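As structure tokens, the structure follows; a few thoughts come after it.
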């Protein structure tokens, strides 16, 4: 994994959010504290995205339990927008030339500060809360106390005394909180704190919807107060300047991109660019000039090794990527896998648009040569970067087949180890389709066709080429209408629906639909388009 990335990574941001908002102890009690850290440092390889989805779900369930579904759904929506924003910036901005303090300051100014400002505005619009004034940004807790005590009609001093007694802290701690110190002793569950501060035990309880909002804003106050004070002041200045009215994600990406481009020129770039073009052209030739490619790669590595600046790292992942492609083209499978991993490690959350190309190519190659472990890792990266739509779906047999088709296009004439259907299949028969005794004896046995690239059962063959009477005979012989081919998702029902559509012959489809089919069968997605026969 890359070090020195300056664009906030959602995995790290989620851990900071869970910790800063006071939910880490609840995560710990559920036994997922290590999962949180493993997610943030991406130490579980292909499971980072799965951990993130699980922890997101857990966090928002805690929020819902504390202050209701409405605020929980707002937080879920806000987090998904924040994650997508960070993914979009990482996809489009190559930060390899600006991974220093100057670059960090720029990212904070054009991205982090506007995102925090936008979140506060969205929260203020979604539910009644403290006013947007200097008090909130100086001390969110103090602003929350003033607003909540005034709303429920309890004197501020009494409100604070009740809160301090419930949390079991002294007056000096409360005073530090009001001056903007982190609220480390306040953590989930917050609803009990809001209830205790709002009324005494013998008094009538404040209505539930009011407690929901007070609790929600307490969570926000704790979260914002966990931020460095200079960052809160930067957001305050940003909002007071009126610049927030003109901010767009596209403009932020453009500004970061211009800065990266302006800092990307130099001797190494001028020396490297023609070599990269030369190697790319050599690798695109049908007949490889092995010695010319190897010589150019060696020259490129020498040039990169002489540089000690920021550009060196960005150039290294380019070298590793091209070297991996060369190794793949020349059949050096183990070397290609190692180089693709090095390229993805080097480019990750760092290399802008190059990430898309490198991760895609590495994924296709790993699947094509049958390295499922590496493929799962790249598949996880594709979701973390936002190349595939959230939430993550399994890398199942259908996905493997779809991507293996991409491998055979990308690395022609190599053949994938995963079954890939031919462009078309020719079926030779001496006469009309007729059932054999072997088929009737084994109606669910999967047989290979087209040199093993496709598979079907006798029942599926009868659905495609036979009559409804032959389909009935196979069903009577214990043919299973719920059987399917894992790599394609095809089964008797989907094939019957294809036949009904293409040949205007719905007889077999109607007969199958009269059977007691499983819910999985009628909802199973099939083909590379993952079509669904029926949605029930």
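Points to keep in mind about this one:
- Cα long-axis angle, helix 229-241 against the chain (0 to 90 degrees, to the nearest 10): 90
- Considering all different alpha carbon pairs of segment 7-264, the Kirkwood hydrodynamic radius works out to 19.5 Å.
- Separation between Cα centres of segment 336-392 and segment 228-297, rounded to whole Å: 19
- Footprinting exposure proxy for 188, 365 (fewest neighbouring C-beta atoms within 10 Å first): 188, 365
- The chain: calculated mean residue ellipticity at 222 nm from DSSP helix runs of at least 4, using -39500 (n - 2.57): -19500 deg cm²/dmol
- Order by protection proxy (mean Cβ within 10 Å, highest first), peptides 475-486, 234-245: 475-486, 234-245
- Sequence-separation-based contact order of the chain, relative, with Cα cut under 8 Å and 6+ spacing, percent: 14
- Tilt relative to the chain, helix 267-283 - C-alpha long axis, 0 to 90 degrees, to 10: 20
- A compact globular protein would have a Cα radius of gyration near 2.2 N^0.38 Å; the ratio found for segment 386-440 is 1.75.
- Computing Rg and the Kirkwood Rh from the Cα coordinates of segment 88-238 gives a ratio, Rg/Rh, of 1.06.
- Reciprocal mean inverse distance between Cα atoms of segment 405-536 - Kirkwood radius, Å: 15.7
- Normalising the average separation of contacting C-alpha pairs (under 8 angstrom, six or more residues apart) by the number of residues puts the relative contact order of segment 320-433 at 20 percent.
- Highest to lowest packing among 26-34, 256-264, scored as the average C-beta count within 10 Å: 256-264, 26-34
- Centroid-to-centroid separation of segment 90-104 and segment 429-501 [C-alpha atoms, Å]: 56
- Which labelled figure in [x] 31.3; [y] 23.5; [z] 33.2 is mean projected area of the Cα convex hull in nm², once derived from the coordinates: [z]
- Counting every C-alpha pair in segment 331-482, the share spaced more than 22 angstrom apart comes to 54%.
- Report note on the peptides 313-325, 154-166: ranked by the mean count of other C-beta atoms within 10 Å, highest first, their order is 313-325, 154-166.
None of the figures in this text is laboratory data; all of them are computed from the coordinates on show. Since we're looking at a predicted model, the values are computed, not measured. A quick note on method: Cβ atoms are made from the backbone with ideal geometry, for glycine too, and the neighbour counts reach across all protein chains shown.
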